[in-house]
Structure formats: structure tokens, C-alpha cells
Amino acid sequence: MRARSSSVSSSARGIAAATRTESDPDALEPIGEHRIIIHLTPTTRSRCLATGEEYLRRAGDIDLIPSGTSAGFVAETPYRSLQIRLAPGMLDHAASRAGRLTSVRLGTHHMLRNDRIILLGQALESDMKAGSPGGPLFAENVGMALAVELLGLADDAPRQTTRLSDAQLQ
């Protein structure tokens, strides 16, 4: 069975989403958008294509694949996921509005747990299933809320805390 997208999908400026059903290896080639993949199947055993490590994915597990990054895994059984694509510019805009002075760089995260991302994904999925009554404005605002949530996962924070020494403080 080849990977296939269901008939439910949505797209707006800066964000797109689709539910997918998979069973074959899910090799994700690099693209220009960040990918947020929320697993919907209760449990799925999988093997990472890059490391060969085996995992048990559960509903609510989130994979975050930054733009320009490849990733993927082989699932033992078919599974469902909500795949959200977020334009890097949306994340940069959220960072700018939050007062960050540097550009945002995301790291790859697998099997992440974050209730806010799940709830925002569910809101987007519900809107898609209802025929997008909220229109592009709804999707863009959910995308901006996702971008704000992802700011906490960005790996551009300073690696070391810089502070004045005791002598400098006197």
C-alpha cells in the first residue's frame, strides 16, 4: 500500500495540513517548510530510517521536521497522522513579534509530547473536516499560534547563561 492523503486537506498562506494513512516507509524528502506530524493511531511500532532504532509511537506523539531536513521511518502497520506544513517565514514573524532579535532555527524532534500543539492541530483538522468554514484567516491564525508554540522548541537559545561575576556586580 502506498502512502496516501485522505480527502481532507487545507491550505492557507503560510500553512497547509492533510491527514494521511501510511503503511510503506515514510521517507520525507527535504522541503522548504517545517513539518509538524501528529500521530493519530493508538500505537504503531516503527523503525527510524536514519538510525535503525525501533520505537513505539502513540497517538499524540509529534514529529517536528525543520525545513530543508530529511527524515522518515518504517511502520510495521498502517497508521494515520495529521501533517502540518508551516512556512519558515511564519515562525520568523512570530519570533519578531515576540521580540527575538535573531532568526529562529528549529531542531528535529521525534515523539515529542505537547498538548498545545495537539489542540491546535485538532482545531485545524476539525476546520478541514467541516469544509474550512473559518477560511484562510482561521488557518493562518492557527498557524501563527503553532509558530508561537514552536518558538519554545527553537534551538537558537544561547548554549550558556552569561552573567556578571560577583566581582563585576560590586
THR102 and GLU76 label points (each 7 Å along its Cα→Cβ direction) are spaced in nm at 4.2 nm
Here FRET efficiency (C-beta to C-beta, ASN141 to GLU54, R₀ 35 Å, nearest 0.05) is 0.35
So for the stretch 26-159, using the alpha carbon gyration tensor with a ≥ b ≥ c as root eigenvalues (a/c under 1.5 gives rounded; past that, a/b versus b/c decides prolate or oblate), I'd call it oblate
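Bear in mind these aren't lab numbers, they're just calculated from the coordinates by the rules spelled out. A quick note: this is a predicted structure, and the numbers were derived from the prediction, not measured. A quick note on method: Cβ atoms are made from the backbone with ideal geometry, for glycine too, and the neighbour counts reach across all protein chains shown.
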